[in-house]
Amino acid sequence: MILSKEHPGEIRYRSADPVLTPTIPQEREGTVSYVVFPSGIDRRDDLGTPNRFDVYYGMADSKIGVARLDLPEKLP
């Protein structure tokens, strides 16, 4: 979900499908199986790609992973 910068209570966009889903064995087997949850996000301006984000997330409550998120110029 993307919130308004000026009014954080206002939802600007919400994905119809989950952005993260447990697909690999490390996300499906662990303390709490079949669970992934974002825990941090880092905008990668240092790479010259302001629409790229690294999303750090919990994997089955036993490991930490990172996923790459590339935002399109225009959201649907």
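The values are calculated or read from the model by the stated rules, or taken from the named source; none is laboratory data. Given the structure is predicted, the values throughout are model-derived calculations rather than measurements. Reconstructed Cβ throughout: ideal geometry from the backbone, glycine too, with neighbour counts over all protein chains shown. Each accessible area value is taken on the protein alone, full model and side chains, heavy atoms only, with ligands, DNA and RNA left out. Shrake-Rupley method; radii C 1.70, N 1.55, O 1.52, S 1.80 Å.
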- Task: State which residue is most open to solvent (accessible area, probe 1.4 Å) when the search covers only the stretch 47-76 and only residues that are β-branched (Val, Ile, Thr) and under 23 Å from Arg12 (Cα atoms).
- Result: Thr49
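If I filter the stretch 24-46 down to residues being of a type outside the set (D, E, K, R) and under 21 Å from Ile2 (Cβ atoms), which single residue comes out as most open to solvent (accessible area, probe 1.4 Å)?
So, considering only residues that are of a type outside the set (D, E, K, R) and under 21 Å from Ile2 (Cβ atoms), the one most open to solvent (accessible area, probe 1.4 Å) is Ile41.
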